[in-house]
Amino acid sequence: MTSELSKSRSLKIVKRPNVDIGIIEVNTKDNLDINKELSGSLSPTTPSSKFSTSLIKTSHDSIIDGIFLSHWDNILGPRIDHLWTFPNKPHYSHVVLKKVCSQSLSGEICREFDNCFIDYKFFSNADDGTVVPVFVFTANTTMGPAVHSLSLIINKCDLTYFLQIQHLVIRCMERLVGKLRILLHKPSGPASDILDSFFILNDDCINCLTLIKTNALPTNVKLGETYFCPSHTLEREFLHNCIASHLMTFGKTLVIGDKEENINAMLYTLCLFNTEEERKCSLLYSGEEKITYHHDLWLQGMIRKPHQRIKLPVHELLYSKYPSSVIDITAMDIKQSPHFSDHMVHSHNAQRNELLSIMGGENTVIPHPTGDILTSVSYTETLVHSLLEDLDKLPPTCGVREAFISQFMRTIHMKALSLIKYLEGETNSGAQPFRGGMKKVRHDLCLPADGDLMIVLAAAEKLKPGLYWFITREQTNVY
């Protein structure tokens, strides 16, 4: 036993340098670039990790740094398909994109392929200084059904501004996702060519998101820029009808005129009756002819050239979430799109027809609404009439009139809350249908005119979606 121990002590330790035994030695020096190391030898570029890229050219600075499409592969996991970049924006490394791709598709492996809904997710990456809104959807591609995600990369310093326009971004991207589903399903050519030209065909939404960052209506409006200022002359009855129609159509209005000053003066006037978030999602008219009407901007202007009939964007007006007012300052004319209960049907048909036209191609005949969709305003109301009479009695200085208009909007808000509580009490919180009728509602809530009820009902619908249809389904045969 002793001899064996002595023999073991005499053994020499033999080291084998430069022999790969399956262990990776990681350097822990302070100057090590982890992203560079991970994107190098440990993550070699393979055909499955490659993706195509394209540049979206915009004339204005965009809040979005990049957009990329990814899908879930049952063998390789999350994969990036295409990346759209913007000029003068930072380029993110492959490691950052892969991390965002994995986060966007995490938890979606059990998603049903027949689920047609578009799910919205939002997360923040503290390490990268980015916030990522994600739209998850299923698409039946030429390779079979798969879960996809369309992700936006936004710098974290723009988070506050993004939250103010989040509703508009969601509406834009949901429309783009619907078109993208059809294009992925069509076997019309290489996928890279389709994705490369996708945003070129849908640049209206992208241009809208870039324009509102610089041309949005201000949150604080001076009275001297509106038609409430004595220096701006406008017929009192016409101004009264403009404000009333604007409130009846949920605060959405398209202003048409022959002069830029008149258009912006009306936009400044009407935006006093919108919230700060809605003003952020509205556009001043800047004289650029390339600007097209966007379906979910709250306020927007359009120039009317002399002796030329303007072509209204009827399809976009019907596509929007809420009805709209169309005010022609030159012709002193005010029209409205159909009531909200009818508008929901028209909006659904407009979205369906647009997707059918993409699926069928140029030769597809899509039915469009017949007749004049826009109708003239024919409601009588007292709320705005009393407001204008009281404003004339107040001095146009020191922000007195602006504060009075803000108080008027708070009154509308409280009336809308009263209407919601009233209907909850009459219907046992929606368990029973409402059978009282519009006249009973007007009488119980002290709303003497039809226009007053339309204004309060529009404000209540924005607070509690579905209320408009609930109260009007017994009186109309729309559904």
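The values are calculated or read from the model by the stated rules, or taken from the named source; none is laboratory data. What you see is a predicted model; the values in this text were computed from it and never measured. Neighbour counts are summed over all protein chains in view; Cβ atoms, including those assigned to glycine, are modelled from backbone coordinates with ideal geometry. What goes into the accessible areas is simple: the full protein's heavy atoms, side chains included, and nothing from ligands, DNA or RNA. Shrake-Rupley method; radii C 1.70, N 1.55, O 1.52, S 1.80 Å.
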Inset, instruction - Quickly run through region 315-359 and pick out the residues that are charged (D, E, K, R) and either more than 14 Å from residue 246 (Cβ to Cβ) or touching a residue at least 60 places away in the same chain (Cβ under 8 Å) (or both). - result: 316, 321, 328, 333, 342, 352, 354
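Listed here are the residues, each with its yes/no results for (1) closer than 21 Å to residue 320 by Cβ; (2) surrounded by 20 or more Cβ atoms within 10 Å (Cβ to Cβ).
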| site | (1), (2) |
| --- | --- |
| 128 | no, no |
| 144 | no, no |
| 148 | no, yes |
| 153 | no, yes |
| 156 | no, no |
| 160 | no, no |
| 163 | no, no |
| 166 | yes, no |
| 169 | yes, yes |
Inset, instruction - Would you please name the residue that is least open to solvent (accessible area, probe 1.4 Å), looking only at residues in region 434-448 that are modelled with pLDDT of 80 or more and in contact with a Phe, Trp or Tyr (Cβ under 7 Å, 6 or more places away or on another chain)? - result: 445
Legend entry - region 175-222, subset out of contact with any Leu (no Cβ under 8 Å at 6 or more places or on another chain), modelled with pLDDT under 80 and in a loop (DSSP other than H, G, I, E, B), residue most open to solvent (accessible area, probe 1.4 Å): 187
Inset, instruction - Please note which helices (runs of 4 or more DSSP H) are completely contained in region 1-109 and include at least 3 residues that are at pLDDT below 80, exposed (fewer than 10 other Cβ atoms within 10 Å of the Cβ) and at negative phi. - result: 2-9
Legend entry - Residue among 258, 296 that alone is surrounded by fewer than 19 Cβ atoms within 10 Å (Cβ to Cβ) and touching a Lys or Arg at 6+ places or on another chain (Cβ under 8 Å): 258
Inset, instruction - Look at region 255-277 and say how many of its residues are in contact (Cβ under 8 Å) with a residue 40 or more places away in the chain, closer than 23 Å to residue 304 by Cβ and either part of a helix (DSSP H, G or I) or touching a His at 6+ places or on another chain (Cβ under 7 Å) (or both). - result: 9
Legend entry - Tally of residues being in contact with a helix residue (DSSP H, G or I) (Cβ under 8 Å, 6 or more places away or on another chain), over 22 Å from residue 211 (Cα atoms) and in a helix (DSSP H, G or I) across region 317-348: 7
Legend entry - Scope region 110-122; condition touching a strand residue (DSSP E or B) at 6+ places or on another chain (Cβ under 7 Å) and either assigned to a loop (DSSP other than H, G, I, E, B) or loosely packed, with under 12 Cβ neighbours inside 10 Å (or both); matching residues: 111, 113, 115, 118
Inset, instruction - Just name the residue that is most open to solvent (accessible area, probe 1.4 Å) out of those in region 457-474 that are at pLDDT below 90 and hydrophobic (A, V, I, L, M, F, W, C). - result: 469
Inset, instruction - Examine region 304-316 for a residue that is open to solvent by 60 Å² or more (accessible area, probe 1.4 Å), at pLDDT 85 or above and part of a loop (DSSP other than H, G, I, E, B), and state whether such a residue exists. - result: no
Inset, instruction - Name the one entry in 280, 252 that is open to solvent by less than 10 Å² (accessible area, probe 1.4 Å), in contact (Cβ under 8 Å) with a residue 40 or more places away in the chain and of a type in the set (Lys, Arg). - result: 252
